[in-house]
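A quick write-up on the structure given underneath.
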Amino acid sequence: MRIAIASDHAAVSLKTVLADWLREQGHEVLDLGTDGSASVDYPDFGRAIGDALADGRAERGVALCGSGIGISIAANRNPACRCALVSEPLSAMLARQHNDANAIAMGARVIGEEMAKACLIAFLSTPFEGGRHQRRVDMLSTAAPAQN
């Protein structure tokens, strides 16, 4: 699988560990930065994840920052991106199963390396159920509000 990964300075160490681990698992990794500890702006890296998913350079995305919150918001600005903030495998699995998430965000300050890997395993191995969930997923990419 082609997986884009990006982080801000707060998560660069976790990004390096996860990118190497994903390659060891046989995935193609598109590293979108950052590459050092100098302060950078997480919206730029969230946008990069969304763009990589939208233009087909990646099938899945991994967005990392200190909390995971800011970069997930930034990634989700792209309508082609459905990025779920997760901190344990059940949320990662449900994000795929029910929401067809194509990216996950994690916070380097709130999750350890082994838990992050467990989240990735769940995320990458879980298929989208479709069915009753498809209509709702379709609504996520439309500009018009739902009519009740």
For region 70-108, give me each residue that is buried (at least 22 other Cβ atoms within 10 Å of the Cβ) and either part of a helix (DSSP H, G or I) or of a type in the set (F, W, Y) (or both).
I71, S72, A74, A75, A92, A95, R96
What pairs can you find where one residue is in region 63-77 and under 8 Å from P43 (Cα atoms), the other is part of a helix (DSSP H, G or I) and aliphatic (A, V, I, L, M), and their Cβ atoms are less than 6 Å apart, with a gap of 6+ or different chains?
A75/I49
Looking at (1) of a type outside the set (V, I, T); (2) farther than 15 Å from G66 by Cα; (3) buried (at least 18 other Cβ atoms within 10 Å of the Cβ), find the lone condition where R132 falls short.
(3)
R2 vs. criteria under 21 Å from L124 (Cα atoms), in contact (Cβ under 8 Å) with a residue 60 or more places away in the chain and of a type in the set (K, R):
no
Do we have any residue at all in region 79-89 that's farther than 16 Å from S7 by Cβ, out of contact with any Gly (no Cβ under 6 Å at 6 or more places or on another chain) and of a type in the set (A, V, I, L, M)?
yes
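Every number in this text was worked out from the coordinates using simple rules, so none of it is lab data. The structure displayed is predicted, hence computed values, not measured ones. Glycine also receives a Cβ, built like all others from the backbone with ideal geometry; neighbour counts cover every protein chain displayed.
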